[in-house]
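Undergrad: Got a structure for you, questions after.
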Amino acid sequence: MSQGSLCPCGKHYRATAALRDLIETQNQRCLLAREESVIVSILDNLHTLVSASQHRFTSWLSAVAACETAQANLAIAQNFSRSQTTTPRWAVETEQRLFHQWVKQQQHHWEQRLVQIQRGMATYRAYLQKCAQQFVLTPECLALCLPLLDELLRHQEERIEQHHLASISAHELFLQFEQRWTYERDRLDYEIAQVPQAYQAGRTQAQQRWRLYVVTGIGRPVSFTQTNMNYQSMVHARQLELYAQQSKLFLTTKVEQFRLFVQKMEGEYKATVLAAQQERWHMLHAQLSVEVADSDQLSSLQSLVLSYFL
């Protein structure tokens, strides 16, 4: 702990240094207490993200299964080996494993942070008691404490503004990612729904050729069965490509959104704690500014100061 200023009375006191340490230590303890509740929200957000991603992976794997079935049926109808031209199942499962690995890393990180917070709060609480024992108020020290509070309050106003601006910036980016994902999701959902209509023209043309062959007997076309299988294969292959785009976009967007959510929460809780502390210190400053009538009031005034921290 840093040494205090030399009082006009000629004796060396640590009142200002003890007050500074009380303020900084209590601020850190309040930040940790607030961060503890914020981490619970972060973990809840992570679980929500896992649930949403699981639904996305299930849809993606269902599209893979439908495409594999359609390609296998077409290969049987056309009597040739099925070639893999779309997203394979192992690629989806690899993406899923990587995502769950990232989730485990994030969960482990925040659980470890919770343990650090609990230890830190106990340490700061013990240090507050130590600082309180070294805070001895005299009329001379009171005159030194007031400028110190002025300095700390000005410094804290700057920190509150910085955290507030950082929180606003992270929130705006978060909303931009949310709007982008909503737009792209709706666009791709619409495209997936329109795929059958997009390939319907080729199917209709094949049916017209078959009718012409029935009437004229000229140019035997591909059978209806093979035409339908080819149509279904193309539809499922295109839908799988769109599902792959949508799922990868979902993963990259949500991972980045999670980081921005964490930044926003950190900025908000720091600004909230600092603002609450600042209000209490303004009240303390106003009470210390009142002229002390006699030395008998110093003990009660010292108890008042310590009551703001203990």
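The values are calculated or read from the model by the stated rules, or taken from the named source; none is laboratory data. A quick note: this is a predicted structure, and the numbers were derived from the prediction, not measured. Cβ atoms come from the backbone with ideal geometry, glycine included; neighbour counts cover every protein chain shown. Surface accessibility is based on the protein's heavy atoms, side chains included, excluding ligands, DNA and RNA. Shrake-Rupley method; radii C 1.70, N 1.55, O 1.52, S 1.80 Å.
Undergrad: Out of the stretch 133-146, which residues are in a helix (DSSP H, G or I) and at pLDDT 80 or above? Step through it out loud before you land on a result.
TA: So the first thing to find is which residues in the stretch 133-146 are in a helix (DSSP H, G or I), and the list is 133, 139-146.
Scanning the stretch 133-146 gives a single hit, 133.
Undergrad: Here are 212, 274, 288: which of them is part of a helix (DSSP H, G or I) and at pLDDT 80 or above?
TA: Of 212, 274, 288, the one residue that is part of a helix (DSSP H, G or I) and at pLDDT 80 or above is 274.
Undergrad: Being within 31 Å of the chain's Cα centre (by Cα) and loosely packed, with under 14 Cβ neighbours inside 10 Å, is that true of even one residue in the stretch 129-137?
TA: no
Undergrad: Out of the stretch 112-131, which residues are farther than 17 Å from residue 18 by Cα and among the basic types (Lys, Arg)?
TA: Hits for the stretch 112-131 are 113, 119.
Undergrad: The conditions are (1) at pLDDT 85 or above; (2) farther than 25 Å from residue 68 by Cα; (3) of a type outside the set (Gly, Ala, Ser); (4) open to solvent by 90 Å² or more (accessible area, probe 1.4 Å), and residue 248 fails exactly one of them. Which is it?
TA: Only one criterion in (1) at pLDDT 85 or above; (2) farther than 25 Å from residue 68 by Cα; (3) of a type outside the set (Gly, Ala, Ser); (4) open to solvent by 90 Å² or more (accessible area, probe 1.4 Å) is unmet by residue 248, namely (2).
Undergrad: How many of the residues in the stretch 103-131 are hydrophobic (A, V, I, L, M, F, W, C), out of contact with any helix residue (DSSP H, G or I) (no Cβ under 9 Å at 6 or more places or on another chain) and within 14 Å of residue 39 (Cβ to Cβ)?
TA: Qualifying residue count, the stretch 103-131: 1.
Undergrad: What are the residue pairs meeting all of these: first residue in the stretch 174-189, first residue farther than 20 Å from residue 239 by Cβ, second residue in a helix (DSSP H, G or I) and among the aromatic types (Phe, Trp, Tyr), Cβ atoms under 7 Å, and 6 or more apart or on different chains?
TA: 174/261
Undergrad: Kindly indicate whether any position in the stretch 169-189 is open to solvent by 50 Å² or more (accessible area, probe 1.4 Å), touching a Lys or Arg at 6+ places or on another chain (Cβ under 7 Å) and outside any helix (DSSP H, G or I).
TA: Checking the stretch 169-189: not a single residue is open to solvent by 50 Å² or more (accessible area, probe 1.4 Å), touching a Lys or Arg at 6+ places or on another chain (Cβ under 7 Å) and outside any helix (DSSP H, G or I).
Undergrad: Here's a follow-up. Could you tell me whether any residue of the stretch 104-121 is closer than 30 Å to residue 231 by Cα, at pLDDT 85 or above and either assigned to a helix (DSSP H, G or I) or open to solvent by 70 Å² or more (accessible area, probe 1.4 Å) (or both)?
TA: no
Undergrad: Return the residues of the stretch 222-261 that are under 30 Å from residue 163 (Cβ atoms) and either charged (D, E, K, R) or out of contact with any Phe, Trp or Tyr (no Cβ under 9 Å at 6 or more places or on another chain) (or both); say none if nothing qualifies.
TA: 252, 254, 256, 258, 259
Undergrad: Among the residues of the stretch 3-24, are any modelled with pLDDT of 90 or more, surrounded by 12 or more Cβ atoms within 10 Å (Cβ to Cβ) and aromatic (Phe, Trp, Tyr)?
TA: No; the residues of the stretch 3-24 include none that is modelled with pLDDT of 90 or more, surrounded by 12 or more Cβ atoms within 10 Å (Cβ to Cβ) and aromatic (Phe, Trp, Tyr).
Undergrad: Residues of the stretch 60-87 being loosely packed, with under 15 Cβ neighbours inside 10 Å, at pLDDT 90 or above and either of a type in the set (A, V, I, L, M) or part of a loop (DSSP other than H, G, I, E, B) (or both), which ones?
TA: If the condition is that a residue be loosely packed, with under 15 Cβ neighbours inside 10 Å, at pLDDT 90 or above and either of a type in the set (A, V, I, L, M) or part of a loop (DSSP other than H, G, I, E, B) (or both), then 65 is the only one that fits.
Undergrad: Looking at 126, 52 in this structure, which one is in contact (Cβ under 8 Å) with a residue 24 or more places away in the chain, surrounded by fewer than 19 Cβ atoms within 10 Å (Cβ to Cβ) and hydrophobic (A, V, I, L, M, F, W, C)? Break it down into steps so the answer makes sense when it comes.
TA: Details: 126 fails: in contact (Cβ under 8 Å) with a residue 24 or more places away in the chain.
Exactly one residue qualifies, and that residue is 52.
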